[in-house]
Amino acid sequence: MLNVDSIHSYYDKSHVLEGVSLKVEAGELVTLLGRNGAGKTTTLRSILGIVRPRQGQISFNGQQLVGREIFDIARLGIALVPEHRGIFRQLSVEENLKIAVRKASRWQLEDVYSMFPRLKERRRNGGFALSGGEQQMLAIARALLNGPKLLILDEPTEGLAPVIVDELVKILRRIKDEGLSILLVEQNLMVCDALADRHYVLEQGRVAYQGSAAQFREDPSIKNRYLALSA
């Protein structure tokens, strides 16, 4: 499905990604891990066309992405839930959702209300009135209404209470079980361990480790070496 092959990405003269490669297969949930500044967000930006790699290739379902416009990449079926969530604070919950509805999507308004009952309860509330967890649910629900083939999530649980994190894990597992491929950037390793099929770890703009969920779980040295958990 998604194939990132040896990309090199820059900010002006700063060489941020140095040959990053990763894959997300159909129906997989893959995590992208690493310390702050390792290149995770730049990898996402490169996939989405916000940053154009100077070397390497990115393909999605056989379509080359490098050089395409951002809106063109989105039309191919890649949806981003950004770290800042990007909801319209002056619109109601339902207005935020309705502007994203696509007739061809497998998820329609009642589907996401079933998945996110809090949003149905608060559908007439403005985006500014939602808690952080509710805003994150709204951002995910809105992305689903676009009918994505690949969902990219950037730090979805950051700053949220544990009870909300648990709720989001259940929702993401349900989405994954429905066959949607997911690329997840996440600092909470408990979330990653609960959901992921495979993991990639970035270190200074390079893939320092890749492995299955079982391999990652059985090798604590990876966490200590690249994610600073021993500190």
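Go through (1) assigned to a loop (DSSP other than H, G, I, E, B); (2) in the same structural domain as H15 (by TED's automatic domain parsing) one by one and return the number of the condition Q210 breaks.
(1)
Give just the number: which of (1) assigned to a strand (DSSP E or B); (2) surrounded by 14 or more Cβ atoms within 10 Å (Cβ to Cβ); (3) out of contact with any Asp or Glu (no Cβ under 7 Å at 6 or more places or on another chain); (4) of a type outside the set (S, T, Y) does V30 not satisfy?
In the conditions (1) assigned to a strand (DSSP E or B); (2) surrounded by 14 or more Cβ atoms within 10 Å (Cβ to Cβ); (3) out of contact with any Asp or Glu (no Cβ under 7 Å at 6 or more places or on another chain); (4) of a type outside the set (S, T, Y), V30 misses (3) alone.
Scan the stretch 23-41 for residues that are more than 16 Å from L2 (Cβ to Cβ) and in contact with a Ser or Thr (Cβ under 7 Å, 6 or more places away or on another chain) and report the count.
Residues that pass the stated criteria total 0.
Which condition from (1) over 17 Å from N3 (Cα atoms); (2) surrounded by 15 or more Cβ atoms within 10 Å (Cβ to Cβ); (3) touching a Ser or Thr at 6+ places or on another chain (Cβ under 7 Å) is the one that I175 breaks?
Exception for I175: condition (3).
Residues of the stretch 140-184 being at pLDDT 95 or above and of a type in the set (S, T, N, Q), which ones?
Within the stretch 140-184, S181 is the sole residue that qualifies.
Could you list all residues from the stretch 110-151 that are polar (S, T, N, Q), buried (at least 16 other Cβ atoms within 10 Å of the Cβ) and within 19 Å of E167 (Cβ to Cβ)?
Taking the stretch 110-151 and keeping what is polar (S, T, N, Q), we get 114, 125, 131, 135-136, 146.
From what's left, buried (at least 16 other Cβ atoms within 10 Å of the Cβ): 135-136, 146.
Those that are polar (S, T, N, Q), buried (at least 16 other Cβ atoms within 10 Å of the Cβ) and within 19 Å of E167 (Cβ to Cβ): Q135, Q136.
Looking at I47, I7, can you tell me which residue is touching a helix residue (DSSP H, G or I) at 6+ places or on another chain (Cβ under 6 Å) and assigned by TED's automatic domain parsing to the domain that holds G211?
Checking each option against the conditions leaves just I7.
Checking the condition more than 23 Å from N61 (Cβ to Cβ) and without any contact (Cβ under 8 Å) to a residue 12 or more places away in the chain, which residue from A214, A194, A208, A161 passes? Give the steps one after another, and end with the answer.
Numbers: A194 fails: without any contact (Cβ under 8 Å) to a residue 12 or more places away in the chain; A208 fails: without any contact (Cβ under 8 Å) to a residue 12 or more places away in the chain; A161 fails: without any contact (Cβ under 8 Å) to a residue 12 or more places away in the chain.
Just one listed residue meets the conditions, A214.
Please find, among G67, G56, the residue that is of a type in the set (G, A, S) and under 22 Å from E203 (Cβ atoms). Talk me through it step by step, then tell me what you get.
Working: G67 fails: under 22 Å from E203 (Cβ atoms).
Answer to the selection: G56.
Output the residue which, of all residues in the stretch 8-26 that are of a type in the set (A, V, I, L, M, F, W, C) and crowded, with 16+ Cβ neighbours inside 10 Å, is farthest from T42 (Cα to Cα).
V24
Would you mention how many residues in the stretch 47-105 are in contact with a Lys or Arg (Cβ under 8 Å, 6 or more places away or on another chain), more than 24 Å from V16 (Cβ to Cβ) and in a strand (DSSP E or B)?
1
R118 passes all but one of (1) in a helix (DSSP H, G or I); (2) over 20 Å from the mean Cα position of the chain (by Cα); (3) at pLDDT 95 or above; (4) not hydroxyl-bearing (S, T, Y); which number fails?
(3)
The values are calculated or read from the model by the stated rules, or taken from the named source; none is laboratory data. Since this is a predicted model, take the numbers as computed values, not measurements. Virtual Cβ from ideal backbone geometry, glycine too; neighbours counted across all protein chains shown.
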